[in-house]
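The values are calculated or read from the model by the stated rules, or taken from the named source; none is laboratory data. Fair warning: this is a prediction, and the values are worked out from it, not measured in the lab. Cβ coordinates were reconstructed from backbone atoms using ideal geometry, including for glycine residues, and neighbour counts include every protein chain displayed. What goes into the accessible areas is simple: the full protein's heavy atoms, side chains included, and nothing from ligands, DNA or RNA. Shrake-Rupley method; radii C 1.70, N 1.55, O 1.52, S 1.80 Å.
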Amino acid sequence: MKDLVPFHIRNLVPYESAKSINITGNILLNANELPWKKEIFIKNNLLNRYPDFQPIKLIQRYSNYVKLKFNNILATRGADEAIELLIKSFCTSQKDSIMITPPTYDMYRVSATILNIKVVSIPLNKNFQLNCKEILNNLVNIKLIYLCNPNNPTGNILFKHDVEIILKKLPLHILLIIDEAYIEFSSKNSFIYLLAKHSNLIILRTLSKAFGLAGIRCGFILSNAKLIKILRNVLNPYPIPTPTSSIAITALHKNNIVIMKRYVSLILKYKKYLINKISQFYFVKCIYPSNANFILVKFINAKLVFTHLLKYGIILRDQSNKYLLKNCLRISVGTQLECQSLINIFLILEQGRDI
Ligand SMILES: *Cc1c(COP(=O)(O)O)cnc(C)c1O
């Protein structure tokens with residue numbers, strides 16, 4: 001095996017997805033998905049043909065949604081493919097590095113490592129905000145900087161002022177990538193408005209979260225036409241399966257965008273309810289401010305809470321091994337019923353006092 005598997009793959013710590021850890025339950029609050037199923041029916045009789053590279057109608061609809069031009073948009077197989085595509089397009093192995101700001105989404109590190117690209121970490125500060133000075137002082141060999149807004153798993157948005165300062169001082173050969181997977185839950189905080197001003201800014205989006213379509217794998221890269229053109233040349237020839245684009249086109253119809261926004265309001269309402277209720281338990285130490293569809297919670301003993309909930313079929317995401325996140329669990333906001341179930345199990349835990 002040593003002769004077969006390259007060193008950087010042998011030492012890879014793989015992405016631990018909600019599906020890769022082998023536990024089962026009936027209330028899934030671990031993957032930040034929307035808790036409602038979509039009933040979308042598609043008529044499709046062209047499956048013997050390869051799909052269009054970039055289905056026109058799909059790009060048109062997303063262009064209306066984000067109010068950007070056609071040539072500022074590239075559709076990908078989820079935001080995860082976009083993360084990898086950017087590294088493939090702009091980084092040279094043994095030479096270039098990417099920068100990340102942990103605790104953050106793990107796929108930036110995983111994708112870079114798989115492509116044998118070095119990762120420089122500039123941790124967030126105690127308030128989960130950017131360390132601008134450190135970021136700007138460590139740009140040697142950096143090609144891409146990955147930021148996440150709202151950040152996963154902490155849930156907060158980044159200070160506008162910090163991002164603006166970084167962009168202002170960043171040399172143009174270094175690209176700033178802002179992952180806005182959760183932006184619909186905090187839409188006024190998007191950094192889209194900076195795209196027109198900065199040729200080295202890239203924004204990532206997805207239909208997996210607020211649109212409730214994690215199963216179809218559809219994401220978008222937003223940037224200036226020049227960068228999009230380069231990325232088009234590197235992207236695989238058929239990134240969007242025909243059923244995916246059919247469903248995505250329907251989901252992006254203006255009537256369905258209104259429905260998406262209604263679901264977002266519901267989730268925000270349940271989030272408020274959940275925060276209000278669980279902040280009262282003695283074993284909850286702190287609930288971090290959230291601009292997304294999940295909350296990060298610090299417990300007295302996260303492991304105990306996690307396993308207790310697991311016994312009742314409720315699955316959360318354990319974050320306690322991450323930098324700054326000791327004893328923290330991430331809870332996706334589910335339906336009202338799911339939130340209530342979680343609170344009920346917390347009540348049992350409190351009465352049992354077995355913590
Ligand atoms: C879920 C998530 C993604 C992945 O999006 P897909 O479109 O499902 O690949 C990307 N970035 C962040 C921060 C996420 O939380």
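Data overview
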item	result
D162-D52 FRET efficiency (beta carbon distance; Förster radius 56 Å; 0.05 resolution)	0.90
Within the accessible area of region 280-350 (1.4 Å probe), percent carbon and sulfur	55
Cα centroid separation - region 40-73 against region 121-138, whole Å	38
Alpha-carbon centroids, region 239-256 and region 293-335: separation in whole Å	33
Distance between modelled label sites at N236 and K95, nm, 7 Å Cα→Cβ extension	2.6
Inter-site label distance for S199 and L266 at 7 Å from Cα along Cβ, in nm	4.6
Where only alpha carbons of region 1-90 are counted, the Rg and the Dmax (Å)	19.0, 51
Hydrodynamic radius by Kirkwood, which averages 1/r over all alpha carbon pairs of region 193-342, in angstrom	18.3
Counted charge near T250, where neighbours are those whose Cβ lies closer than 13 Å (Asp, Glu -1; Lys, Arg +1)	+4
Protection proxy ranking, peptides 75-86, 196-207, average beta carbon neighbours within 10 Å, highest first	75-86, 196-207
Under 5 Å, built H, 5+ apart or other chain: amide partners of T206	F220
Candidate lysines - alpha carbon under 19 Å from K311, same-chain residues fewer than 8 apart omitted	K19, K303
Å² of accessible area per residue within region 302-355, as computed with a 1.4 Å probe and no ligands counted	48
Rg/Rg_ref, region 40-109, where Rg_ref = 2.2 N^0.38 Å and atoms are Cα	1.50
Aspartates and glutamates with Cα under 17 Å of K126, excluding same-chain neighbours fewer than 8 positions away	E134, D162
Share of carbon and sulfur in the accessible heavy-atom surface of region 49-144 [1.4 Å probe, %]	48
Solvent-accessible area per residue for region 11-158 (1.4 angstrom probe, square angstrom)	52
Pair-distance profile P(r), taking every C-alpha pair of region 185-230, with 5 angstrom steps and integer %	5, 19, 23, 22, 16, 13, 2
Beta bridges by DSSP in the chain, antiparallel share as percent, to the nearest 5	50
Value of Rg/Rh across region 238-286 [Cα atoms, Kirkwood radius]	1.31
Potential lengthening between K311 and E350 on full extension [0.36 nm per residue; Cα-Cα distance subtracted]	12.5 nm
For region 118-177, alpha-carbon Rg over 2.2 N^0.38 Å	1.07
Environment charge of N233, counting only residues whose C-beta is closer than 13 Å and scoring Lys/Arg +1, Asp/Glu -1	+4
Reachable lysines from K226, criterion Cα separation under 16 angstrom, eight or more residues apart if same chain	K69, K197
From phi via Karplus (6.51, -1.76, 1.60), per-residue ³J(HN,Hα) for region 335-351 in Hz, x at Gly/Pro	5, 4, 5, 5, 4, 4, 4, 4, 4, 4, 5, 4, 4, 4, 4, 5, 5
Accessible surface of region 151-264, 1.4 Å probe, proportion on carbon and sulfur as whole %	60
Rg/Rh ratio calculated on Cα atoms of the chain (Kirkwood radius)	0.97
Potential lengthening between E134 and S20 on full extension [0.36 nm per residue; Cα-Cα distance subtracted]	37.6 nm
